[in-house]
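My structure is below; once you've seen it, I'll send some questions.
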């Protein structure tokens, strides 16, 4: 189960990025749901939310890999053996691996999901980012709500 969920997340993330790269020009937008959702192809050469640090790009690869190895180790930890914790960690790991693949093989991460309300836009993101975010929300929920019960 663990291996398959991670592979599934990485696979759909990479397929979506390959399709976006092949079908949409850089910085081009395709309206999916008017006034709510566009697919806008951008390249994120920084870290989360387009934050970019001067200096070596190596940190954008090494640091996420180290965190991912740490999260793998938590899968074996007794404190994280409950199913909800496991799913949370697997979502985070799968998303992290999807973006690490981009950084290693492309030198940047492909982002394309552009949610907005009229002209107020959130940061453009991808399926790996969504997986990490959902995993973190599940982990937070598990830590706060489930621990109290």
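Based on what the data block shows, is residue 104 surrounded by fewer than 14 Cβ atoms within 10 Å (Cβ to Cβ), in a helix (DSSP H, G or I) and modelled with pLDDT under 85?
No, not satisfied.
Would you check if there is a residue in segment 69-81 being assigned to a helix (DSSP H, G or I), in contact with a strand residue (DSSP E or B) (Cβ under 9 Å, 6 or more places away or on another chain) and modelled with pLDDT under 95?
No, every residue in segment 69-81 fails to be assigned to a helix (DSSP H, G or I), in contact with a strand residue (DSSP E or B) (Cβ under 9 Å, 6 or more places away or on another chain) and modelled with pLDDT under 95.
Further, regarding this structure: Are there any pairs with C-beta distances below 8 angstrom linking a residue in segment 123-149 that is under 29 Å from residue 43 (Cβ atoms) to a residue that is assigned to a helix (DSSP H, G or I) and at pLDDT below 80, with the two at least 6 apart or on different chains, and if so which?
123/49; 123/50; 129/48
Filter segment 107-125 down to residues that are closer than 20 Å to residue 64 by Cβ and assigned to a strand (DSSP E or B), then give me how many there are.
6
Which residue is nearest to residue 119 (Cα to Cα), if the candidates are limited to segment 1-39 and must be out of contact with any helix residue (DSSP H, G or I) (no Cβ under 9 Å at 6 or more places or on another chain) and touching a residue at least 24 places away in the same chain (Cβ under 8 Å)?
35
The values are calculated or read from the model by the stated rules, or taken from the named source; none is laboratory data. Since the structure is predicted, the reported quantities are computational estimates derived from the model, not experimental observations. Positions of Cβ are backbone-derived with ideal geometry, glycine not excepted, and every protein chain shown enters the neighbour counts.
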